[in-house]
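Please read the structure below before turning to the comments.
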Amino acid sequence: MKNVILSLLMLACCNACSSQVKFREFTNNFKPLELPLDNILNLTNRDTLDGKFTNDIIIRSQDKRPQYVDKDGTLKTIRQYYGLYPEEPFKYTSDEKKNGKWIEINHTFYNKIIPIGRINLNDNYESLIIKVVAIETTFYDLWNFSKDGKALSVICLFWGMRDAGPQDEKVTFTIIDSNITKEGNIVWYENADGLETFRTYKLNDEGHFQIIKEEQKGEAEF
């Protein structure tokens with residue numbers, strides 16, 4: 001019985017070490033960024049990440065979903081603006097006119113997952129910004145991890161739509177926008193079909209993004 005328990009402990013230790021090695025490999029893709037960050041959409045990088053590897057590290061290998069603290073001080077699980085990043089190219093068709101005839105053309109759109117950089121919000125944590133250029137949307141996420149790779153919290157910093165979709169990366173409609181102050185406050189704005197939400201987030205000592213200020217105006221049209 002003792003041998004079985006010892007084997008299980010050693011297996012758990014090996015798995016934990018392997019996860020930490022993979023997390024360090026993942027974070028090495030992110031270069032330090034200085035605060036403040038005033039225009040998130042201007043942040044870019046030529047490097048890209050593998051979609052499956054990214055999902056394996058920050059989503060599939062995690063014991064639970066990331067969390068945040070609402071304006072009332074309640075710890076909640078994040079459900080909005082959260083999900084797996086694209087892993088496979090997106091295949092689509094378009095109708096084009098050639099020699100006076102309309103024909104169907106096959107296309108392949110390659111999603112981009114870009115390691116924008118790391119910011120220092122607290123010396124005890126790793127805070128990483130990831131950009132995704134998907135078939136019709138462009139968005140930026142700010143993740144906060146423990147030093148051993150546990151995904152504790154995440155905020156969507158920017159979410160925009162592109163009228164041209166896969167044809168052009170120019171964002172034409174913004175749903176979420178943010179800036180990060182020199183002090184590390186995330187000043188966040190969302191326009192959800194007419195309902196405007198203004199928030200300020202701060203990373204708390206437990207590694208969760210906490211809403212320290214919130215105001216809403218208008219109402220959703222749909």
Quiz item: Any chance region 197-207 includes a residue that's over 23 Å from Gly73 (Cα atoms), open to solvent by 60 Å² or more (accessible area, probe 1.4 Å) and of a type in the set (Phe, Trp, Tyr)?
Solution: no
Quiz item: If you go through region 168-215, how many residues are in contact with an Asp or Glu (Cβ under 6 Å, 6 or more places away or on another chain) and either farther than 23 Å from Thr138 by Cα or among the hydroxyl-bearing types (Ser, Thr, Tyr) (or both)?
Solution: 4
Self-check item: Pair list, Cβ < 7 Å and 6+ apart or interchain, from region 208-222 residues that are within 29 Å of Leu128 (Cβ to Cβ) to residues that are among the small types (Gly, Ala, Ser) and open to solvent by less than 100 Å² (accessible area, probe 1.4 Å)
Solution: His208/Ser153; Phe209/Ser153
Quiz prompt | Residues that are out of contact with any helix residue (DSSP H, G or I) (no Cβ under 7 Å at 6 or more places or on another chain) and under 14 Å from Thr54 (Cβ atoms), drawn from region 140-158 | solution = Asp141, Phe145, Val154
Exercise. Mind telling me which of the residues Thr174, Thr138 ends up being open to solvent by less than 20 Å² (accessible area, probe 1.4 Å), more than 22 Å from Asp72 (Cβ to Cβ) and assigned to a strand (DSSP E or B)?
Key: Thr138
Exercise. Give me a count of the residues in region 74-86 that are without any contact (Cβ under 8 Å) to a residue 60 or more places away in the chain and more than 14 Å from the chain's Cα centre (by Cα).
Key: 3
Practice problem: Report, by residue number, each residue of region 141-151 that is open to solvent by less than 20 Å² (accessible area, probe 1.4 Å) and acidic (Asp, Glu). | Solution: Asp141
Quiz item: Limited to region 74-127, what total is found for residues that are open to solvent by 70 Å² or more (accessible area, probe 1.4 Å), outside any loop (DSSP other than H, G, I, E, B) and of a type in the set (Phe, Trp, Tyr)?
Solution: 2
Practice problem: Would you check which residues across region 143-171 are under 15 Å from Asn42 (Cα atoms) and part of a strand (DSSP E or B) and list them? | Solution: Leu157, Phe158, Trp159, Gly160
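The values are calculated or read from the model by the stated rules, or taken from the named source; none is laboratory data. If you're wondering where the values come from, they're calculated on a predicted model, not measured in any experiment. Positions of Cβ are generated from backbone atoms using ideal geometry, with glycine treated the same way; all protein chains shown enter the neighbour counts. These accessible areas exclude ligands, DNA and RNA; they are computed on the full protein's heavy atoms, side chains included. Shrake-Rupley method; radii C 1.70, N 1.55, O 1.52, S 1.80 Å.
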